[in-house]
1. Can you check what the net charge comes to around L57, using other residues whose Cβ is under 14 Å from the Cβ of L57 (Lys, Arg +1; Asp, Glu -1)?
2. Run the numbers for D58 and I43: contour at 0.36 nm per residue of separation, minus the present Cα-Cα distance, in nm.
3. Sorted by packing (mean other beta-carbon atoms within 10 Å per residue), highest first, where do 22-29, 181-188, 114-121, 89-96 land?
4. Per residue, how much accessible area does region 58-210 have with a 1.4 Å probe, in Å²?
5. Let's test the formula: R0 of 22 Å, r as the Cβ-Cβ distance of E178 and N30. What FRET efficiency results, to the nearest 0.05?
6. Which order do peptides 55-64, 101-110 fall in by mean Cβ count within 10 Å, highest first?
7. Probe radius 1.4 Å, ligands and nucleic acids ignored: give me the carbon and sulfur share of the accessible area of region 63-116 as a rounded percent.
Amino acid sequence: MKKIVFLLSIVIGCLSINAKTLIVYYSYTNNVEKIVNQLSHQIETDVVEIDPAEKGLDYAANNYAIGSAQIGAIKNNPDDSSSYPAIDSVDVNLDEYDTIIIAAPLWWSQMAAPLQTYLFHNGNAMAGKNIGLIVSSASSGISGVEADAKRLIPYGHFLSPSLWIRSSQTSNASSMLENWLKEINYDDVTTGIERISNDSDADFTVYNLSGQQLMYKSKSIESLHAGIYIINGNKTYITQ
């Protein structure tokens, strides 16, 4: 059978499309909001802001005592919904999106508690989706936030690397965001081929561009993410 590089050979029955992107963020000091605004000028995306249900809390008071207590409650009982602070309801259909970018502040080396609440209740609905992570902090490393994201979105396809933007870099983060989009191959990730029809007699053996076998003699490749693949078979179809 002949190997076909999908970027160069697209058969009749397929249509090029752009996958949809959603940014989900929480921002207390407005640093993350500034980052999201800059990013939304570089890519086509919908944006959802997470808001705590209890208004007027001064998270900065007493050395951020409220936020520290919220993070402590989550760490002590991460599987208990009562450990997570209440947030306003969010009206968004995650089924419409293929890529979700999480923009998160860092609190005590962890993801900010209100954003953890949203992901606790919606992370499973992000299974199989491309997940990008942007973290804002003053100085600490972001490994704890990455761990929170992977715990809360256990079946997400995480794009690497995550992006760490320090507070001092916030106002002029455009170039960092642009470089990050290139590092995660954003354009390739969010451009795919939608299958319109299929041949039930066709078998597909699918490889990524590193030669790793992803599927062997499968009748369907609908579970593949948007991207570029090498396909052995007499038919070539791919889905977004």
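The values are calculated or read from the model by the stated rules, or taken from the named source; none is laboratory data. Everything numeric here is computed off the predicted structure, so don't read it as measured data. Because the Cβ atoms are built from the backbone with ideal geometry, glycine has one as well, and the counts that use them run over all protein chains shown. Side chains are part of the model used for accessible areas, which takes the heavy atoms of the whole protein and leaves out ligands, DNA and RNA. Shrake-Rupley method; radii C 1.70, N 1.55, O 1.52, S 1.80 Å.
1. On the way: positive: K55; negative: D51, E54, D58, D88.
Charge balance in the 14 Å sphere: -3.
2. On the way: separation 15, 0.36 × 15 = 5.40 nm, distance 3.31 nm.
Stretched out fully, the D58 to I43 stretch lengthens by 2.1 nm.
3. On the way: 22-29: 20.8, 181-188: 14.8, 114-121: 23.0, 89-96: 10.4.
Highest to lowest by the protection proxy: 114-121, 22-29, 181-188, 89-96.
4. Numbers: 7240 Å² over 153 residues.
Heavy-atom accessible area per residue stands at 47 Å².
5. On the way: r = 21 Å, r/R0 = 0.97.
Calculated value: 0.55.
6. Values: 55-64: 10.7, 101-110: 23.1.
Going from most to least packed, we get 101-110, 55-64.
7. On the way: 1010 of 2490 Å².
Carbon and sulfur: 40 percent of the exposed surface of region 63-116.
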